[in-house]
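Just so it is clear, none of the values below were taken in a lab; they were calculated from the coordinates. A quick note: this is a predicted structure, and the numbers were derived from the prediction, not measured. Neighbour counts run over all protein chains shown; Cβ positions are idealised from the backbone, glycine included.
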Amino acid sequence: MLRICELLKIETSIDELIKLTGFNPDRGTTMLGLKQAATFKNIGPTGVKASVALLKKKKVPLPAIAYVEGNHFLVFEAVNKNGVEISDPAQKYNPHLTWNQLAGIWNGDLLIFDPKEAKKRKAKQPLAFVETSEYDFGKVLGGSQIKHTFTIKNVGQKPLKIFSVKETCTCTATVVSQDEIPANGLGSISAVLTVPSRNEVVEESLLVLTNNPTQGVLTLTLKGQAFVPLTTFPERLAIGNQKPRQKQLTKRVSLHLADEVQVLGVRTDSEHLKATLEKGTDEAFFYVNVQLLPTQPVGQFSHNLLVDYTYQRQQTTHNVIIFGQILGELHVAPNRIFFGMIKEPSAVSKKITISTHDGQPFQIMSAKASTKGVVANVAKDESRTRYELTISIAPTAKPGELSGDIVVKTSSSVQPTLRVPFFGILAGSD
């Protein structure tokens, strides 16, 4: 891009182009990054598919940037009867390529430029510029929060609209200062990232959807290294499959601390789970007694054991996932229904089987859908230990989304009500 600017007599510098292209020392840049830089410099970039034949006929405006061999860029400066005169900053190729050489490395991808047309269009569009789109927060404690504000400048001549901000992870929250940035104005997006309490590389991105014509989606990235100065055994505590309990179930997690770690206490995020701290054989070793209470409902569960601690005067929290399942008297298969797109309602039906784990008889008192348009019919075997429900679409169902639960009332004291979610879309008659 620097060579293109030299040939077109556009004032710039290598430092400016590094920022404008989003150049990364490890990954380099892309054709989109080059196009974005050319747009900022107002030299009218356009991505085209050309060919050797068109170059020979001088039907392609030069200079242009060519994408060759799948990972390399060249500047096409001029053509003659023998081939193409090029610039290659990496000096991989000679300054002149024959037509046969070019045909072997280039499939036609090209970025051409029209500065005159760009000057005419300049007043017609917004243009987003983020000087630093990647924030490296370095090495931080797992469980801590990272806060950073990205600044977006509208270097165009029309308002830049921010339609939405999406996160690649639920642990990132964003706030947009304003959803429309005036020409030559500034806007900001604040991000709060809760770093995972694990030893790992962290990289999360915000996707900013705008009306920027050259790059509708801006990517803002937070990255760094999370570390935890303690270890737990096990790293995740599996409770397994348990029958409904009459008394609490106790499990142990051991804590092994690095130097300068001080445990402040332990807690959980569930009313069905209790935790107490017990000293081990030395100051760097503790036990956590985890108690699953009888109040834990039937079904799968996932809770967090939270260890509050300080390290080098910084306070944070380490979490250990505790998961398992409380088995009921009844087994439901499948535990959810997906109808998909329904074109012929009379031809669509699904089956649900409800049976006992221990072979004891039970009774289904009723079964019906929570929303109109879906019907449940019950059939039982003679032993009353297994029932089959047929779920079908009612003739009166209206086109559109069909979603809700099949609600089953049973004689079980442990599971008096079962719910099986369903979803589908009923197509219209036309």
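Summary table
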| quantity | calculated |
| --- | --- |
| Whether segment 1-139 is rounded, prolate or oblate, judged on the alpha carbon gyration tensor where a/c under 1.5 counts as rounded | oblate |
| Gaussian network model of the chain, Cα within-10 Å springs - most flexible of Lys92, Lys41, Lys19 | Lys92 |
| Segment 302-419: Lys pairs at Cα distance under 23 angstrom, eight or more positions apart or on different chains | 20 |
| Positive-end residue of Gly83, Ala394, Asn24, charge dipole of the chain with Cβ unit charges | Ala394 |
| Charged-residue dipole, Cβ positions (Lys, Arg, Asp, Glu), segment 202-252 about Cα centre, Debye nearest 20 | 680 debye |
| Label corresponding to Kirkwood radius over Cα pairs in Å when calculated from the structure given, among (1) 28.1; (2) 25.1; (3) 27.5 | (1) |
| C-alpha long axis of helix 31-40 to longest principal axis of the chain, angle in ° | 60 degrees |
| Candidates per trypsin sites (Lys or Arg not before Pro) in segment 186-284, loop by DSSP, up to 14 other Cβ within 10 Å | Arg198, Arg236, Arg245, Lys247 |
| Size of charge dipole - segment 253-322 - debye, nearest 20, with Cβ of Lys, Arg +1 and Asp, Glu -1, no other charges | 200 debye |
| Calculated from backbone phi, Karplus (6.51, -1.76, 1.60) coupling profile of segment 373-389 in Hz, x at Gly/Pro | x, 10, 10, 10, 10, 10, 10, 10, 8, 5, 7, 6, 10, 8, 10, 10, 9 |
| Distant-in-sequence amide H partners of Gly143 (H built 1.01 Å from N, under 5 Å) | Val195, Ser197, Arg198 |
| Separation between Cα centres of segment 261-302 and segment 316-349, rounded to whole Å | 28 Å |
| Cα shape, segment 318-430, gyration tensor, a/c 1.5 rule | oblate |
| Loop sites in segment 226-328: GluC sites (Glu not before Pro), DSSP, at most 16 other Cβ within 10 Å | Glu235, Glu260, Glu271, Glu283 |
| Fully extended contour minus Cα-Cα distance, from Glu278 to Gln360, at 0.36 nm per residue | 25.2 nm |
| Sequence of Asp282, Asp308 once ranked by neighbouring C-beta atoms within 10 Å, starting from the fewest | Asp282, Asp308 |
| The chain: most fluctuating residue of Thr174, Thr231, Thr98 per GNM, C-alpha cutoff 10 Å | Thr98 |
| Efficiency of FRET from Cβ geometry, Arg198 and Asp114, R₀ 60 Å, rounded to 0.05 | 0.75 |
| Average Cα contact separation per residue, the chain, under 8 Å, 6 or more apart, as relative contact order % | 9 percent |
| Positive-end extreme of charge dipole, the chain - chosen from Leu110, Thr353, Val332 (charges on Cβ) | Leu110 |
| Size of charge dipole - segment 1-121 - debye, nearest 20, with Cβ of Lys, Arg +1 and Asp, Glu -1, no other charges | 580 debye |
| Calculated from backbone phi, Karplus (6.51, -1.76, 1.60) coupling profile of segment 295-301 in Hz, x at Gly/Pro | 6, 4, x, 4, x, 6, 9 |
